[in-house]
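**Q** Before I ask anything, here is the structure I am working with.
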Amino acid sequence: MNVRNFLAAAAVAVLAGFGTAQAANMDLCQQSQNWDARVKACTALIESGDYKGVMLATLYSSRGHAYNKKKYYHLALPDLDAATRHDPANGLHFHRRAVALMELNRSGEALEDVERALERGHETDGVYLSRAVALSRLGRTDAAMKAYEVSMKKEPKLADSFYWRGWELARLGRDQEALADFSKAITLNPTHRKALINRAGAACRAGEPEITVKDNVDLISRGVIRATVAQSYLKRAGYYKGPIDGAFGPGSRGALRAWAEAGCP
């Protein structure tokens with residue numbers, strides 16, 4: 001969030017005498033991590049007709065960001081189009097639009113918006129990672145790998161940079177290197193489900209059954225993988241002989257270990 005814009009909005013609200021309801025909406029629109037509440041508050045402010053120019057762009061951008069978080073990318077895009085139109089100097093709006101475009105499989109346009117964001121001085125919120133992922137989806141693997149390196153240097157605590165490079169390495173069959181990247185992502189964010197799932201797979205292919213077992217047990221205990229589904233799979237593979245009861249005890253874990261030691265067939 002652009003703090004300068006938020007403070008300006010708050011000042012406008014006070015000077016115009018909009019009252020506590022509008023001030024509360026401004027706070028929700030700019031700060032709330034409850035995305036439904038943010039959408040509702042931003043919508044009320046946009047429809048009030050009281051904001052124009054840069055401030056109106058900030059409201060559209062904030063609502064578009066909330067739609068991105070809700071995975072409603074088709075709704076995010078027109079809001080972010082409006083934000084870039086009302087405030088074309090703000091790189092944040094272009095980066096948020098790049099996120100929507102990427103998820104709508106418009107990676108070429110997303111890359112163009114990432115470059116616009118960087119040209120306007122926006123260098124946070126994972127913008128360098130967005131560039132790397134866009135390059136990857138466009139099939140420009142060598143450029144993507146270099147871009148991941150830049151992202152890691154610019155935002156070294158961003159777990160997703162390591163996750164996505166690990167995904168790229170695994171796709172290229174470089175599982176030992178992928179394993180290291182997935183592990184780094186998990187160190188930075190222990191709840192990173194995709195990193196755990198992909199590390200388990202890379203560990204299997206790299207001949208690291210201990211990691212495979214540990215990660216799968218972790219995923220089952222968190223409910224990411226249902227215990228009954230894991231038992232059914234292990235039974236079909238010929239490693240589990242017990243009941244499909246969801247009680248992932250010693251018998252189930254022994255079957256999981258035998259499966260992992262066999263290379264996860």
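The values are calculated or read from the model by the stated rules, or taken from the named source; none is laboratory data. Please read these numbers as outputs of a predicted model, since none were measured by experiment. Methodologically, a virtual Cβ is constructed for each residue, glycine included, from the backbone with ideal geometry; neighbour enumeration extends over all protein chains shown. These accessible areas exclude ligands, DNA and RNA; they are computed on the full protein's heavy atoms, side chains included. Shrake-Rupley method; radii C 1.70, N 1.55, O 1.52, S 1.80 Å.
**Q** Hey, Asp160 hits all of (1) within 22 Å of Glu261 (Cβ to Cβ); (2) open to solvent by 20 Å² or more (accessible area, probe 1.4 Å); (3) in contact (Cβ under 8 Å) with a residue 12 or more places away in the chain; (4) not in a loop (DSSP other than H, G, I, E, B) but one; which does it fall short on?
**A** So Asp160 meets the others, but not (1).
**Q** Can you say whether Ala143 is surrounded by 17 or more Cβ atoms within 10 Å (Cβ to Cβ) and in a helix (DSSP H, G or I), as far as the supplied structure shows?
**A** Against the criterion (surrounded by 17 or more Cβ atoms within 10 Å (Cβ to Cβ) and in a helix (DSSP H, G or I)), Ala143 does not qualify.
**Q** Sort out for me the helices (runs of 4 or more DSSP H) sitting completely within the stretch 173-265 that have 2 or more residues that are within 27 Å of Glu149 (Cβ to Cβ) and out of contact with any Ser or Thr (no Cβ under 8 Å at 6 or more places or on another chain).
**A** 175-188, 193-205, 209-221
**Q** OK, next. Among the residues of the stretch 240-249, is any modelled with pLDDT of 95 or more, closer than 25 Å to Leu129 by Cβ and over 22 Å from the mean Cα position of the chain (by Cα)?
**A** no
**Q** Would you pick out the residues in the stretch 18-60 that are closer than 22 Å to Leu77 by Cβ, among the charged types (D, E, K, R) and out of contact with any Leu (no Cβ under 8 Å at 6 or more places or on another chain)?
**A** Asp36, Glu47, Lys52, listed by residue number.
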